Amino acid sequence: MTTEDAIDIITSPWLTLTLITLACIISLSDVYQHIQNYHQPEVQKHVIRLLLMVPIYAIQSWLSLRFIQVSLLFETLRDLYEAFVIMSFVYYIINLLGGWDSLVKTLAGKPADYGRHSRYIFFGLISDWALGEEFLFNVEKGALQYVVFKVAVTVIICITELAGVYGEGSFDFGQAYIYVAIVQNFSQFWALYCLVMLYQATQEELSSPKDWRPVFKFGCVKGVVFFTWWQGFFIFIIQSLGAFDDVNDTDLPWDDADVAHGIQNYLICIEMLFFAIAHHYVFSYREYAPVNDVPKEQKQMEMEIPATIPQTGNIV
């Protein structure tokens, strides 16, 4: 298959439009159900923000395929929401476990091992975190630094792109892309690491007495945010190795960087449907209903039970 054939596939709008429409229907219906069953506002507001990630990613990717010349603008907006999602997920976990003060007390009673950093990864350069407020503050700060970084990167990308020195997908040290990618790798790694630290320290509380299925929740968020970024990163590595250079010899309005963008956005359009299905089960509104909140259908069925059914009490 030539690059030109690949362009014909990824620019065909109907398959991707169908997939993102299904993904949006699933996710937006889940958002509607949470709004209709808004039993835990401080928790569910973060769930809604997480669920909106799929429609935003899907629509952005489809628009980027349709308007490839301004795809960088759409992707920049997606990146900003991506950082917002990481921050929202941290606050989601905090509120799910009773809020800041409650979680600080819970963490303070845990073994100090949960606050220790691997000497094999950091070589003792980072001091251990005391369980309690220090631990939670550092986790929050780790997520927040990613938000600040993404905003700063957005400004840098816009400036360097206008100046013609951004060179997305290029590993030329005379272009800005390679420096942005390196720093972003470290920023993402630290944000992900902080999420893992939080998961390990709260896994017991997230699993009992009620099982919030923490592995699946962490997996869904990290899957959308970090998997899609690394996927794009490796696609741009393939581009830098010259895999799409043949398109530069055609009359098509695409260059090799546009092909890399197109493949990434095409894959995201497909993947978002699967993430929407996963979110439907992992972030269900039913988890947040009060224990004694009997579904309306069940109440109606109980009211319709015939009065002729004999009572079972006082049988001697």
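Restricting attention to the chain, lysine pairs at least eight places apart or on different chains and with alpha-carbon atoms under 22 angstrom apart total 12. Estimated purely from DSSP H runs of n ≥ 4, each contributing -39500 (n - 2.57), the mean residue ellipticity at 222 nm for the chain is -22500 deg cm²/dmol once divided by its residues. Result for the chain in a Gaussian network model with C-alpha springs under 10 Å: among Asn95, Asn248, Asn265, the largest mean-square fluctuation is at Asn248. Each residue of the range 5-22 is assigned a 3J(HN,Hα), and the resulting list reads 5, 5, 5, 4, 6, 6, 8, 6, x, 6, 5, 5, 5, 5, 5, 6, 5, 4 Hz, derived from the Karplus form 6.51 cos²θ - 1.76 cosθ + 1.60 (θ = phi - 60°), x at Gly and Pro. Size estimate for the range 108-155 follows the Kirkwood approach: the inverse of mean 1/r over distinct Cα pairs works out to 12.3 Å. Quick one, which of (i) 54, 48, 35; (ii) 94, 54, 30; (iii) 57, 53, 42 is the actual Cα extents along the principal axes in Å calculated for this model? Correct label, based on the coordinates given: (ii). Across the options Ser127, Ile86, Ser71, the greatest Cα extent toward the positive end of the charge dipole of the range 55-151 (unit charges at beta carbon of Lys, Arg, Asp, Glu) belongs to Ser71.
Largest accessible area first, the residues Lys217, Lys141 order themselves as Lys141, Lys217 under a 1.4 Å probe with ligands, DNA and RNA left out.
Using 13 Å as the cut-off for backbone N distance, which residues of the range 261-278 belong to the label zone defined by a point 7 Å from the Cα of Leu15 along Cα→Cβ? Residues 263, 266-271 fall inside that zone.
Charges at C-beta only: +1 for Lys and Arg, -1 for Asp and Glu. How large is the resulting dipole of the range 12-169 about its Cα centre, in Debye rounded to 20? Dipole size: approximately 140 debye.
For the chain, a Gaussian network of Cα nodes joined below 10 Å ranks Val90, Val43, Val165 by mean-square fluctuation, and the top entry is Val165.
Among Glu140, Glu82, Glu287, the largest mean-square fluctuation in a Gaussian network model of the chain (Cα springs under 10 Å) belongs to Glu287.
Tell me, what is the percent relative contact order of the range 5-90, built from C-alpha pairs under 8 Å that lie six or more residues apart? Numbers along the way, then the final one.
Working: 55 pairs, mean separation 27.0, N = 86.
Once divided by the residue count of the range 5-90, the mean separation gives 31 percent.
Dipole of the chain computed with +1 at Lys/Arg Cβ and -1 at Asp/Glu Cβ about the Cα centre; of Cys24, Leu96, Ile159, farthest Cα towards the positive end is Leu96. Sequence-distant contacts, meaning Cα pairs under 8 Å at least 6 residues apart, place the relative contact order of the chain at 27 percent. If a spin label sat at a point 7 angstrom from the Cα of Ala130 along the line to its beta carbon, the backbone N atoms of the range 91-106 nearer than 16 Å would be those of 104-106. With the whole protein complex present, Glu134 retains an accessible surface near 80 Å², based on a 1.4 Å probe. Ranked by solvent-accessible area (1.4 Å probe, protein heavy atoms only, all chains present), the residues Lys150, Lys105 order from largest to smallest as Lys105, Lys150. Summary of the geometry: the range 128-163 and the range 224-249, compared by the centres of their Cα atoms, lie 25 Å apart. Computed on protein heavy atoms with a 1.4 Å probe, the accessible areas place Trp14, Trp62 in the order Trp14, Trp62, largest first.
Could you give the size of the charge dipole of the chain about its Cα centre, using +1 on the Cβ of each K and R and -1 on the Cβ of each D and E, expressed in debye and rounded to the nearest 20?
Details: 17 positive and 33 negative charges, 283 e Å.
With Lys and Arg at +1 and Asp and Glu at -1, about 1360 debye.
The values are calculated or read from the model by the stated rules, or taken from the named source; none is laboratory data. Keep in mind that what you see is a predicted model, and the values were worked out from it rather than measured. Positions of Cβ are generated from backbone atoms using ideal geometry, with glycine treated the same way; all protein chains shown enter the neighbour counts. Side chains included, ligands, DNA and RNA excluded: accessible areas come from the protein's heavy atoms. Shrake-Rupley method; radii C 1.70, N 1.55, O 1.52, S 1.80 Å.
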